[in-house]
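S.K.: Could you have a look at this structure, given as structure tokens, before my questions?
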Ligand code: ASP
């Protein structure tokens with residue numbers, strides 16, 4: 001009846017030097033070494049069951065690998081684990097956490113964490129993050145909250161969390177909501193309980209995921225959209241990160257409309273927080289124009305999470321109506 005810890009590499013485990021002469025750190029620490037470096041972990045009150053999984057930078061992680069971890073974690077919980085911790089790199093953590101959150105069907109907490117300073121640096125934050133994550137995973141008040149990101153003694157809902165800084169140890173933030181809790185003097189304090197949605201009905205297989213490409217296109221000033229030429233031949237879906245409340249240059253609107261006739265195209269904001277609108281602006285390329293042309297309203301979903309959702313939907317065979325309904329629910 002312990003906490004299951006799955007280690008996936010990232011800065012938190014990067015204490016070795018690469019052999020390629022670059023002198024940079026690479027993932028080297030095993031889960032046992034990671035946990036040995038955490039003062040206070042033995043006072044957790046429950047044992048840790050450590051499983052070394054993929055020692056890779058998080059830029060190398062794939063959807064099937066993350067789904068495999070969710071399935072292994074599910075089995076661990078079915079066998080009696082009270083909660084799950086995953087350590088991984090921070091670069092893709094906002095995406096993997098949301099993918100986990102969509103799939104996680106247990107009440108037991110699924111907590112993701114990592115580090116910004118590797119173990120060879122002064123003030124390495126990995127041990128504190130791992131300890132806080134384990135405390136949350138073992139904590140009854142954290143039950144029923146889905147996937148959580150615990151970092152810098154803050155608890156964030158996977159649905160809202162973003163990596164907001166390239167180097168700061170306070171990089172994880174939830175701009176739309178703030179943290180839903182804190183770890184204070186080792187005590188887990190949950191302050192808000194976001195509603196849980198129905199867990200995902202089916203798991204897509206790796207082959208299906210590989211065959212499902214979803215592009216993310218960030219719109220920029222004076223954008224001619226040439227990069228979008230032929231996209232529907234190579235991709236099954238598209239997420240557009242538009243200006244502000246979901247705007248694009250006027251000449252891009254028909255290009256996106258034509259794509260939306262062939263593949264699902266979701267509209268999100270490139271700003272980093274807030275929602276795209278539905279019916280406020282009326283110019284060519286406005287949110288109302290794009291919706292009229294068939295783009296799906298991404299709501300409050302940021303572009304990266306919208307892409308996770310759309311790929312999962314397409315890989316599980318969802319049709320247009322299911323996709324629109326899922327975006328209405330999650331966005
Ligand atoms: N590049 C690292 C990774 O995501 C960064 C980190 O772990 O913080 O694997």
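Every read-out reported here was derived from the displayed coordinates using simple, explicitly stated rules and does not represent laboratory data. Nothing here was measured: the structure is a model prediction, and the numbers come from that model. Glycine gets a Cβ as well: all are built from the backbone with ideal geometry, and neighbour counts include every protein chain shown.
S.K.: Applying a 10 Å radius around every beta-carbon, put 76-86, 319-329, 7-17, 55-65 in order of their mean neighbour count, most first.
M.R.: Descending mean neighbour count gives 7-17, 76-86, 55-65, 319-329.
S.K.: Rounded to the nearest angstrom and ordered from largest down, what semi-axes does the equivalent ellipsoid of region 181-286 get from its C-alpha gyration tensor (root of 5λ)?
M.R.: Value: 33, 22, 13 Å, ordered largest first.
S.K.: Ok, one more. Does region 249-331 come out rounded, prolate or oblate, given a ≥ b ≥ c as the square roots of the eigenvalues of its C-alpha gyration tensor, rounded meaning a/c under 1.5 and, failing that, prolate meaning a/b above b/c?
M.R.: In terms of gyration-tensor shape, oblate.
S.K.: Using a Gaussian network model of the chain whose springs link C-alpha atoms within less than 10 Å, name the residue from 34, 227, 252 with the highest mean-square fluctuation.
M.R.: Ranking 34, 227, 252 by mean-square fluctuation puts 227 first.
S.K.: Please give the contour-minus-distance gain from residue 224 to residue 324: 0.36 nm per residue of separation, less the Cα-Cα distance, rounded to one decimal in nm.
M.R.: 33.3 nm
S.K.: When the helix-only estimate is applied to the chain (DSSP H runs of n ≥ 4, each -39,500 (n - 2.57), divided by the residue count), what is the mean residue ellipticity at 222 nm, nearest 500 deg cm²/dmol?
M.R.: After summing the helix terms and dividing by residue count, I get -8500 deg cm²/dmol.
S.K.: For region 32-76, what class follows from the C-alpha gyration tensor (a ≥ b ≥ c being the square roots of its eigenvalues): rounded when a/c is under 1.5, otherwise prolate if a/b is larger than b/c, else oblate?
M.R.: Since a/c reaches 1.5 but b/c is at least a/b, the shape of region 32-76 is classed as oblate.
S.K.: Here's something else I'd like to know. Could you give the distance between the Cα centres of region 226-287 and region 21-49, to the whole Å?
M.R.: Computed from Cα coordinates, the inter-centre distance equals 43 Å.
S.K.: Test of understanding: what is the full-extension gain from residue 192 to residue 292, defined as 0.36 nm times their sequence separation minus their Cα-Cα distance?
M.R.: 32.4 nm
S.K.: Continuing with this model, one more query. By average Cβ neighbour count within 10 Å, what is the ranking of 207-218, 95-106 from highest down?
M.R.: 95-106, 207-218
S.K.: Can I ask one more? Just the Cα atoms of the chain: what Rg and Dmax do they give in Å?
M.R.: Just the Cα atoms of the chain yield Rg and Dmax of 20.4, 61 Å.
S.K.: Give the Rg (one decimal place) followed by the Dmax (whole number) of region 220-263, computed from C-alpha coordinates and expressed in Å.
M.R.: Radius of gyration, then largest Cα-Cα span, for region 220-263: 10.3, 29 Å.
S.K.: Can you pull the one-decimal nm distance between simple spin-label points at residue 75 and residue 207, each 7 Å off the Cα toward Cβ?
M.R.: Distance between the two pseudo-spin positions: 2.2 nm.
S.K.: Compute the FRET efficiency between residue 168 and residue 33 as 1/(1 + (r/R0)^6), taking r as their Cβ-Cβ distance and R0 = 22 Å, and round to the nearest 0.05.
M.R.: That gives a FRET efficiency of 0.30.
S.K.: Let me ask something else about it. Using a ≥ b ≥ c from the Cα gyration tensor of region 89-172 (square roots of the eigenvalues), is it rounded, prolate or oblate, where a/c under 1.5 gives rounded and otherwise the larger of a/b and b/c decides, a/b for prolate?
M.R.: It comes out oblate by the Cα gyration axes.
S.K.: Roughly how tilted is helix 320-330, in degrees to the nearest 10 and between 0 and 90, from the longest Cα axis of the chain?
M.R.: In the chain, helix 320-330 runs at an angle near 50 degrees to the longest axis.
S.K.: I would also like to ask the following. Quick check: residue separation of residue 273 and residue 51 times 0.36 nm, minus the Cα distance between them. What number comes out in nm?
M.R.: 76.4 nm
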